[in-house]
1. Provide the FRET efficiency to the nearest 0.05 for the A:Lys145-B:Asn37 pair, computing r from the beta carbons and using R0 = 41 Å.
2. Partner chain Cβ atoms within 10 Å, averaged over the residues of B:148-157 - can you pull that number for me?
3. I'd like the orientation of helix A:266-281 relative to chain A: the angle between its Cα long axis and the longest Cα principal axis, in ° from 0 to 90, rounded to 10.
4. Count, for each residue of B:123-133, the Cβ atoms from other chains sitting within 10 Å of its Cβ, then give me the mean as a whole number.
5. If I take R0 = 25 Å and measure r between the Cβ atoms of B:Asn87 and B:Ser175 in this structure, what FRET efficiency does the formula 1/(1 + (r/R0)^6) give, to the nearest 0.05?
6. Which value in nm describes the separation of the simple spin-label points at B:Phe100 and B:Lys186, placed 7 Å from the Cα toward the beta carbon?
7. For a quick protection proxy, order the peptides A:138-151, A:92-105 by their average other-Cβ count within 10 Å, most packed first.
8. With a point put 7 Å past each Cα toward its Cβ, work out how far B:Leu53 is from A:Arg284 in nm, to one decimal.
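Values quoted throughout were computed directly from the atomic coordinates according to the rules given, and no laboratory measurement underlies them. Quick caveat, the model's predicted, so the values are computed rather than measured. Here the Cβ positions follow ideal geometry from the backbone for every residue, glycine too, while neighbour counts run over all protein chains shown.
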Amino acid sequence: MKIKHLSLVILTLIFVFGCSSKEKSGKPKIAVVVSTLNNPWFVMLAESAAANAKKLGYEAKIFDSQNNPAVESDNFENLISSGYDAILLNPTDSDGSISNVLKAKTAGIPVFCMDREINADDAATSQILSDNYSGCVAIGIEFVKELKEKGNYVEIIGLVGDNNTWARSGGFHSVVDKFPNLKMVAQQSGNFDRNKAMEVLETIMQANPNIDAVFCGNDAMAMGAFQALQSAGKANKVKIFGFDGASDVIEKIREKKIIATGMQFPKVMAQTAAQYADEYFKGRRTFPQRVPVEVELINASNIKDY
Amino acid sequence: MKKIYIYILVILIVALLGYKSVYFKKLSAVKNAQKENFDFKAFVDSIYFKGILKSKKNIALTDLISLVQTNSEMAFKEHGNRLGIGNSAFFMIESTGKIFDIKDGVYTIADKKNGIIYIDTKYIFGNAIRDASGLVKLTDFKTNSQFNKVSESLNDIIRNEVIPKAIKTIKIGDSIAFSGAIKLRKNQNLFKDIIVIPSQIKLQ
């Protein structure tokens, strides 16, 4: 009988301590879920987030959502069942990603959004976002001054379902639309992709050969636009504006082949998100829902500083 | 036979009442309507006329420059407004000076204490005035786009109504008092070419 009782006590102890052994079994795990690894900017964001998490003493793994909310959903299900303790998320879609974030929230896992906003203020623990709007207001002013308030232009926007796309476009148009002699002859999506933007601009130029400028929602697309214009022999005539602060565009600004870009700080966003996760593990529960990160205008006048 | 007509009539009346008492709308349309219902114009009217114009928090440009030079940290903490993370902040300043050039909406001012100051009456865009005022919180709005719309409405009032009225009679040689937003970087140590986004200009 005694042996039977003893076995029961041991089994109970194993059950109780076995269930609570997760925290003691090793470091907390942080998942970095990124919209795509097919763009160097997001690779930098994800790697920087993972590196910061590791630096703070946590295990970190990167998950690629391939710009697809369904893949992002699978990633979330996998990492919730794998016992991850926090998620640093670069969402694929401002609406489509909400349910994934809520799934994690229900499972008690904090989610810190980086760079891209989701359209909910009660799902993520915090959202650390580039101030895209202000950055593109500055680009819009530069654009108007460069074009001397008149001309035909093309806008190549990013992913239609991404808030950043519209924040950038909105900031730009909040200025440019006030100048009636600036005429937008086409606005099309280049999906934030260099090759797609090149194809899009090539097609647009068949119908609109006389354009004076192109505004692109990111630098990868600005490089695609540059390639299209170079092939058409118009690279010196048409003024290109980008957004991101990518190194190849910085070089092109130095060479006076691209006019301006907005410098984002992905490393600052990644570091802040990892730091917030660390503070969450240490007991902090109140975070600002949205933390804008300043975007700096880069043009010929200040290129020497970058 | 008559009963059948009565039943049909009753059914028709019930169906009509049912149809008229319930209607369906797309959830997205309802959500958008809720957002659009917010009266940005009325909100920013109040922010501008009751807040910005009556604010006692503006700092004299001379005092700000002096404070930045002696204790930059305190200057940014006490008078600067930066939402989130960044290397710069907006300040709501006030000063006086004499106009000695007007070109493409930019008023060049000879400010006795601060040298040459530029007031840009044309490019009143972005979040400079909203943020410098410190009167609108990010948490007051559910999304960044709504928060940015506050700036657009505020800028519209100042750029389209207030400033055109104020500068209508102002010419080169006039002395003016002005207030507005300036942006300073934390590592800034040169204070030349200061550009003011005006919130108010008054002939002295």
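1. Rounded to the nearest 0.05, the efficiency is 0.65.
2. Rounded to a whole number, the mean comes out at 3.
3. Roughly 20 degrees between the two axes.
4. That average works out to 4.
5. 0.10
6. Going from the B:Phe100 label point to the B:Lys186 one covers 3.6 nm.
7. Working: A:138-151: 19.4, A:92-105: 21.0.
Per-residue mean Cβ counts within 10 Å order the peptides as A:92-105, A:138-151.
8. So the two model labels end up 4.1 nm from each other.
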